[in-house]
Amino acid sequence: MKVLVTGGAGYIGSHTVLELLSKGHDVVVVDNFDNSKPESLRRVAERAGRSAVVHRVDVCDETSLTQVFAETRPDAVIHFAGLKAVGESSEVPQRYYWNNVAGTLVLLRAMESVDCHTLVFSSSATVYDPDRNQPPFHEDGLLGATNPYGKTKWFLEEILRDVSASDGRWQIGLLRYFNPVGAHPSGRIGEDPNGIPNNLLPFISQVAVGRLKELRVFGNDYDTPDGTGVRDYIHVVDLARGHLRALEYLERLNGEGICRVWNLGTGKGASVMEMIHSFERASGVDIPFAVVARRPGDQAVSFGDPTRAREELQWSAEYSVDSMCTDSWNWQSQNPNGYPD
Ligand code: NAD
Ligand code: UFG
């Protein structure tokens, strides 16, 4: 299959491109490198022994994107391209709506221009309204979001459901990721956030490697076993494989229209303190931390029910929290400053 991957140079995209190439698929990447570097794809090619065709194009640029589709004529698209910083999305909401929502609308038009109607979209567990659902979150849970980033995912899910309902040619998979962490076990590809990381695991890794002084634990007075926040951490390689399973599922439908949601998570929660201890075991490095106030907008507990993905996609997470930490450390210690320019 020829798969066009938007945002394929990014964290989850690069791991997915490697899985696709390794399974013999042809891959076209469209990325504007707003939050990634070409080096990630060079290393993917080094591991896979073959390369993706890479286009430095913004998905909002309809003329260039349509040209890429006309030249490459993919069978399916995996759409990762998007901005993802929750805090920043409240400061510059228009940028988020433009990039994420308008970018996806442009992508749909470009796909239609070559009769390509198979799409796997990166959604997020953030679309489960925390006030109206109890973990484990199930795909049929009530949707809502409290910040512009989360709203782009929620609105795009609704848009894609409408598009699918209006035209039976569309085959759309909406993948709700829980908390992606870890890196390829080789240590050659991993997460390389710009600036100070917002997320727990990259922050811990950068403390371990000496780039940051100490971790701030956002609250230890939640109603959880040790008082710290609980999340469903999922190894990025498991997540990448979930995309291939979703594509294979859509392919088996033989042209039948569908818009289907799947959770991609382990179904188990781990607390901030558990993650710190696991990382310390993996790295042999003490992680200095200080407990500070809760981070506004954080929920106490989030984990998903992965039954549907297991039953329908024959996918389930294989990596443990300890291997997530081992692989994060492997990546961070080999690449203390991330990818070179
Ligand atoms: P990332 O920032 O590492 O990757 C996104 C890639 O898209 C980057 O390479 C970036 O340069 C590119 N990009 C952004 N806007 C673009 C545009 N307009 N045109 C072309 N390329 C563009 O992020 P990631 O962690 O790999 O996330 C991938 C997707 O998964 C995103 O849509 C994100 O919202 C979603 N997601 C991520 C998480 C997470 O915690 N990492 C959780 C849930 C959902
Ligand atoms: N945390 C800290 N200190 C930090 C960073 C995080 O204590 O420096 C805690 C948080 O309070 C939370 C846990 O670690 O309890 C995980 O926080 P992350 O920021 O890593 O992840 P979130 O669950 O807050 O958010 C992530 C993505 C969002 C996505 C959401 C649901 O960042 O984009 O998962 O998928 F929407």
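Okay, here's what the table says:
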item: Stretchable slack from ASN220 to ARG95, in nm (0.36 nm times residue separation minus alpha-carbon distance); result: 41.6 nm
item: Amide H contacts under 5 Å for ASN220, placed H, 5+ residues apart; result: none
item: Net lengthening on full extension, ILE159/HIS277 (0.36 nm per residue, minus Cα-Cα); result: 38.3 nm
item: Rounded if a/c under 1.5, otherwise prolate or oblate - the stretch 73-149, Cα gyration tensor axes; result: oblate
item: Charge dipole (debye, nearest 20) of the chain; +1 at Cβ of Lys and Arg, -1 at Cβ of Asp and Glu; result: 460 debye
item: Kirkwood Rh and Cα Rg combined as Rg/Rh, the stretch 239-338; result: 1.08
item: For the stretch 163-214, diffusion coefficient by Stokes-Einstein and Kirkwood Rh (Cα), 10 °C, 1.306 mPa s, µm²/s; result: 112 µm²/s
item: Point-to-point label distance, VAL292-ARG132, nm (Cα→Cβ direction, 7 Å offset); result: 3.3 nm
item: Acute angle (nearest 10 degrees) that the helix 148-166 long axis makes with the longest principal axis of the chain, alpha-carbon atoms; result: 30 degrees
item: Whole-Hz couplings from phi, Karplus 6.51/-1.76/1.60, listed for the stretch 195-212; x for Gly and Pro; result: x, 6, x, 8, 8, 4, 5, x, 5, 4, 4, 6, 5, 4, 8, x, 7, 10
item: Trypsin sites (Lys or Arg not before Pro) within the stretch 14-109: DSSP coil, no more than 15 neighbouring Cβ in 10 Å; result: LYS23, ARG50
item: Neighbourhood net charge (12 Å Cβ-Cβ; Lys/Arg +1, Asp/Glu -1) for SER278; result: -3
item: The stretch 1-69 shape via C-alpha gyration tensor axes, a/c threshold 1.5; result: oblate
item: Residues ASN198 and GLN67, FRET efficiency given R0 of 41 Å [Cβ-Cβ distance, rounded to 0.05]; result: 0.75
item: Charged-residue dipole, Cβ positions (Lys, Arg, Asp, Glu), the stretch 136-284 about Cα centre, Debye nearest 20; result: 360 debye
item: Along each principal axis, Cα extent of the stretch 85-206, largest first, Å; result: 47, 38, 30
item: Angle in degrees between helix 236-252 and the longest Cα principal axis of the chain, rounded to the nearest 10; result: 30 degrees
item: Rounded tilt (10° steps) of 62-72 against the dominant C-alpha axis of the chain; result: 70 degrees
item: Rh by Kirkwood over Cα pairs, then Stokes-Einstein D for the chain at 1.002 mPa s and 20 °C, µm²/s; result: 106 µm²/s
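We did not get these values from a lab; they are worked out from the coordinates using the rules stated. All values reported here derive from a predicted model rather than from experimental measurement. So basically every Cβ, Gly included, is an ideal-geometry build from the backbone, and we count neighbours across all protein chains shown.
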